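Asker: First the structure, then my questions, so here it is.
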Amino acid sequence: MDKQLAHNHKRVWQTVKKSIKTEIPSHAFNTWITPIKPVALNVDELILEVPNQFFYEWLNAHYKETIKRKAFDGKGEPLNVKYTVSTEPKKYINQVNEEKDEPRFKQKPTTFINKNQRFENFIEGPNNQFARAAAVSVAKTPGESQYNPLIIYGGVGLGKTHLLHAIGNRTIVNGKRKKVVLETSERFTQEFINSIQKNTNGEFTKKYRSTDLLLIDDIQFLKGKEQTQEQFFHTFNELHQLNKQIVLSADTYPGDMVGLQERLVSRFQSGLSVDIQPPDFETRVAILLEKAQQSGLELQYDLIELIATHIKTNIRVLESIIIRLLANSSLHGKEINRKLVEEVIREKLGKEMILELSLEDVVKKVSETTNVPLKLIVGPSRRRELVKTRHLAMYLCRELTNNTLTSIGLFFGGRDHTTVIHACGQVEKVYKKKTAVTKFINQISRNLSVANF
Ligand code: ADP
Ligand code: MG
């Protein structure tokens, strides 16, 4: 080989790389271009070395054209680009670095399943019944049920991760030989990228493709990550073909997810998607009773109700209130009474609590306190006493909820927003005079929201 040319391959590749860098995102550049090594330049041919076969296939599908378009020699002549796969099992220098930098890298791929999140301590309610039943069924006969994949979706803190761990735990107990992998989609992505950079795709593939049950949490994080989605797609197909069970969780219905490849979504839809809704009042009470009992906290029933009334959506927050109360009683020796519970709720929710009240909550409370049926309060009657109560209810709705005047008007039998403004004006006139009405308003506000006072 011409000595001059041999020396040039590095410089040529430097220029080509520089030019590619302006065209593709930096994370893609670091993952797919940086590891490429120029090995030779033969007249009109640039030879590049890639770490492994898998890397080559990926490059071929995604970046080959870009590289070709950019490949010119020092005189501006286009170059043919050829690839060779590294024959060295691992670069000696890299290996040393790896061991120094990441001593755990050589360990067997592991997965973490939380022993405390089991079906036995998952409280069932109408909000999660279906999801729980599907999860139990999958754990019983992974891969053999028709629910493959099973996708559990819903909002934050509603028990999706808990169910995934419960499936993992149950499967391990039932079939000791079953291989279970449970990871978040973020971790999946991270491990995938690491495997490419460190040329350990074999380990990655082994971990994810030789499992009997693969559980991936929060797949919404795959959104927009094209390469990881592609890898996930292959993993998915391989497991699915072998009748291995796949369970995924997501924050929305997979069909509504923007940024996921069409073919992935259609694979997801070939199984069963079940949602978890926010728990209703009774389920919240049951969860609180269970959590209090689990942690040995004695909590009067009316205090449990007080918490369940205020915290409506997130079970994680319910739990954190129990923990906070426990800390207060055991560490600070405080008595757990209504005042302390109110304090903890207020601290957790702050202003949010006001937003959580619905128009119905407020009008119901007014109805209970005044003994005027809700129907009459929002109805058409213009009887004097009734109009007064209606005005009060409208005023409280404006003060305590996050609804617009138009929505409030609509709730009160389709009245106009100017009617609401008028009503609030009437109440404010009296409110400032510290009358019985003032007392009434304060009392109701306090009952409805401990955050207010
Ligand atoms: P998500 O993954 O949906 O955001 P998690 O599964 O992490 O929610 O649940 C939040 C917390 O609430 C966890 O500690 C979990 O154990 C608990 N939890 C959720 N749902 C239930 C339930 N139905 N019964 C008991 N605990 C629950
Ligand atoms: Mg979760």
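The values are calculated or read from the model by the stated rules, or taken from the named source; none is laboratory data. Everything numeric in this text was worked out from a predicted model, so none of it was measured. Positions of Cβ are backbone-derived with ideal geometry, glycine not excepted, and every protein chain shown enters the neighbour counts.
Asker: Using beta carbons and a limit of 9 Å, which pairs, at least six apart or on different chains, have the first residue in the range 365-384 and in a loop (DSSP other than H, G, I, E, B) and the second one modelled with pLDDT under 90 and of a type in the set (S, T, N, Q)?
Answerer: none
Asker: I've got another one for you. Could you please find all residues in the range 287-302 being within 16 Å of ligand 1 (Cβ to nearest atom) and not in a loop (DSSP other than H, G, I, E, B)?
Answerer: Across the range 287-302, the qualifying residues are Ile287, Leu288, Leu289, Glu290, Lys291, Ala292, Gln293, Gln294.
Asker: I would also like to ask the following. Can you pull out the residues in the range 385-412 that are within 34 Å of the chain's Cα centre (by Cα) and part of a loop (DSSP other than H, G, I, E, B)? Steps first, please.
Answerer: First pass over the range 385-412, keeping only residues within 34 Å of the chain's Cα centre (by Cα): 397-408, 411.
Across the range 385-412, the qualifying residues are Thr401, Asn402, Asn403, Thr404.
Asker: In addition: Taking only the range 48-57 into account, find how many residues are farther than 14 Å from Thr34 by Cβ and either among the β-branched types (Val, Ile, Thr) or in a helix (DSSP H, G or I) (or both). Give the steps one after another, and end with the answer.
Answerer: Of all residues in the range 48-57, those farther than 14 Å from Thr34 by Cβ come to 52-54, 56-57.
From the residues that got through so far, the ones that are either among the β-branched types (Val, Ile, Thr) or in a helix (DSSP H, G or I) (or both) too are 53-54, 56-57.
Result for the range 48-57: 4.
Asker: Pull out all pairs, ordered by first then second residue, where Cβ-Cβ is under 6 Å, the residues are six or more apart or on different chains, the first lies in the range 150-165 and is at negative phi and touching a residue at least 24 places away in the same chain (Cβ under 8 Å), and the second is more than 6 Å from ligand 1 (Cβ to nearest atom) and of a type in the set (Phe, Trp, Tyr).
Answerer: Ile151/Phe268; Tyr153/Tyr253
Asker: Report whether or not Leu306 is in a helix (DSSP H, G or I), touching a helix residue (DSSP H, G or I) at 6+ places or on another chain (Cβ under 9 Å) and touching a residue at least 24 places away in the same chain (Cβ under 8 Å).
Answerer: So Leu306 fits the description; yes.
Asker: Being in a helix (DSSP H, G or I) and over 20 Å from Glu186 (Cα atoms) is the filter here, so list the residues in the range 238-254 that pass it.
Answerer: Glu238, His240, Gln241
Asker: Take the conditions away from ligand 2 (no atom under 14 Å from the Cβ), surrounded by fewer than 19 Cβ atoms within 10 Å (Cβ to Cβ), modelled with pLDDT under 90 and closer than 30 Å to Ile33 by Cα and apply them to Gly224. Does it pass? Steps first, please.
Answerer: Details: away from ligand 2 (no atom under 14 Å from the Cβ): yes; surrounded by fewer than 19 Cβ atoms within 10 Å (Cβ to Cβ): yes; modelled with pLDDT under 90: yes; closer than 30 Å to Ile33 by Cα: yes.
When the stated conditions are applied, Gly224 passes them.
Asker: Within the set of pairs 6 or more residues apart or between chains, which connect a residue that is modelled with pLDDT of 85 or more inside the range 416-438 to a residue that is part of a loop (DSSP other than H, G, I, E, B) and surrounded by 13 or more Cβ atoms within 10 Å (Cβ to Cβ) with Cβ atoms less than 9 Å apart?
Answerer: Within 9 Å, the pairs are Thr419/Phe412; Val420/Phe412; Ala423/Phe412; Ala423/Arg415.
Asker: Continuing with this model, one more query. Could you count how many residues in the range 132-177 are within 16 Å of ligand 2 (Cβ to nearest atom), of a type in the set (A, V, I, L, M) and over 20 Å from Leu288 (Cβ atoms)?
Answerer: Total meeting the criteria: 6.
Asker: Kindly evaluate Gly125 against the criterion of being touching a Pro at 6+ places or on another chain (Cβ under 7 Å), within 13 Å of ligand 1 (Cβ to nearest atom) and closer than 30 Å to Leu288 by Cα. Step through it out loud before you land on a result.
Answerer: Numbers: touching a Pro at 6+ places or on another chain (Cβ under 7 Å): yes; within 13 Å of ligand 1 (Cβ to nearest atom): yes; closer than 30 Å to Leu288 by Cα: yes.
Answer is yes for this residue.
Asker: Related question: Within the range 163-213, can you find the residues that are within 24 Å of Asn116 (Cα to Cα) and among the β-branched types (Val, Ile, Thr)?
Answerer: Residues satisfying the conditions are Ile167, Thr171, Ile172, Val173, Val180, Val181, Thr184, Thr211.
Asker: Sticking with this one: Looking at the range 145-181, which of the residues that are touching an Asp or Glu at 6+ places or on another chain (Cβ under 6 Å) and near ligand 1 (Cβ under 7 Å from one of its atoms) is nearest to Ser320 (Cα to Cα)? First the steps, then the outcome.
Answerer: Initially, the range 145-181 is screened for residues touching an Asp or Glu at 6+ places or on another chain (Cβ under 6 Å), giving 153-154, 161, 164, 178-179.
Filter once more, keeping what is near ligand 1 (Cβ under 7 Å from one of its atoms): 154, 161.
Details: Gly154: 20, Thr161: 17 Å.
The residue in question is Thr161.
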